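The values are calculated or read from the model by the stated rules, or taken from the named source; none is laboratory data. This is a predicted model, so every value here is computed, not measured. For neighbour counting, all protein chains shown are included, and Cβ atoms are generated from backbone atoms with ideal geometry for every residue, glycine included. Areas reflect the complete protein model, heavy atoms only, side chains present, ligands, DNA and RNA absent. Shrake-Rupley method; radii C 1.70, N 1.55, O 1.52, S 1.80 Å.
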Amino acid sequence: MNAIRLPQLAAAATAVLGTSIALIFFYAPSDADQGLSQRIFYFHVPIALTSYACFAWGAWKALLHLWKRQEGADLESYVAIHMGVIFGSLTLLTGSLWAKISWGVWWAWSDNQLVLFLVLFLFYSAYFMLRYSVDPGPARANMSAVYALFGVVLIPVSFLAIRLSRSFIHPTVFTSHGPQMTGSQFLVFCVALAGMLTLFATLYQLELAGKRLDADLKELRELLA
């Protein structure tokens, strides 16, 4: 099933990402204040939301491992968190670039959203230190799952921090009255978000397939030894 799904996901990711890039540069209107640099928004915010989705998916798989003892859930949680750290790195990179171009600063420690996302990113980066400090087996899987579940508390806190702060770097785009964007801007944003989520699904399945193949080859070598 994974062998069939992976090419389909890769094709979908290529198509949606290609469409989103075309819309970002040729369809989305230019911002009156920030000009061309505002288009980073269509990369930065979807990447950030995708990193939240990665960490949440990793926590969900960790819960399934501890609760249901679902086979393969530990590996799936690990891969999701790995993807989350990658997308988290891209979030920090694109956010810093956008802030420097538009507001003249790379980073602002006074911004709650920035600091909380950095804490979330560092927390899940430390997940790998914990995981690889323990020998493979049930104990490592259980410890990794508990750690992943602790981190999920930071996700809604980090996501909602932007609504509690009054930062020039992180203006509130989504309010109780809906998205504070024009129809064309919201369309481009949705397509860009779909592209990033599809890319995550593709990379997730690709890494899972590689990890499972590596485990099968290792088991085969042990049988032949």
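Applying the criterion of being open to solvent by less than 70 Å² (accessible area, probe 1.4 Å), among the small types (Gly, Ala, Ser) and more than 20 Å from Tyr78 (Cα to Cα) to the residues of segment 182-225, the residue that is modelled with the lowest pLDDT is Gly183. When only residues in segment 108-127 that are of a type in the set (Phe, Trp, Tyr) and either more than 20 Å from Val157 (Cα to Cα) or part of a helix (DSSP H, G or I) (or both) count, which is most open to solvent (accessible area, probe 1.4 Å)? Among residues in segment 108-127 that are of a type in the set (Phe, Trp, Tyr) and either more than 20 Å from Val157 (Cα to Cα) or part of a helix (DSSP H, G or I) (or both), the one most open to solvent (accessible area, probe 1.4 Å) is Phe123.
For segment 147-156, enumerate the residues that are part of a helix (DSSP H, G or I) and either at positive phi or surrounded by 14 or more Cβ atoms within 10 Å (Cβ to Cβ) (or both). Tyr147, Ala148, Leu149, Gly151, Leu154, Ile155, listed by residue number. For segment 128-144, a residue qualifies if it is crowded, with 18+ Cβ neighbours inside 10 Å and either touching a Lys or Arg at 6+ places or on another chain (Cβ under 8 Å) or not in a helix (DSSP H, G or I) (or both), and the qualifying residues are Arg131, Ser144. Here Pro29 clears all of (1) open to solvent by less than 60 Å² (accessible area, probe 1.4 Å); (2) at pLDDT below 95; (3) not in a loop (DSSP other than H, G, I, E, B) except the condition numbered (3). Do we have Thr50 as open to solvent by less than 40 Å² (accessible area, probe 1.4 Å) and assigned to a helix (DSSP H, G or I) here? Answer is yes for this residue. Looking only at residues in segment 59-107 that are at negative phi and outside any helix (DSSP H, G or I), which one is least open to solvent (accessible area, probe 1.4 Å)? Residue satisfying both the conditions and the ranking: Val105. On the given criteria, is Ser89 among the small types (Gly, Ala, Ser), touching a Phe, Trp or Tyr at 6+ places or on another chain (Cβ under 7 Å) and in contact (Cβ under 8 Å) with a residue 12 or more places away in the chain? When the stated conditions are applied, Ser89 does not pass them.
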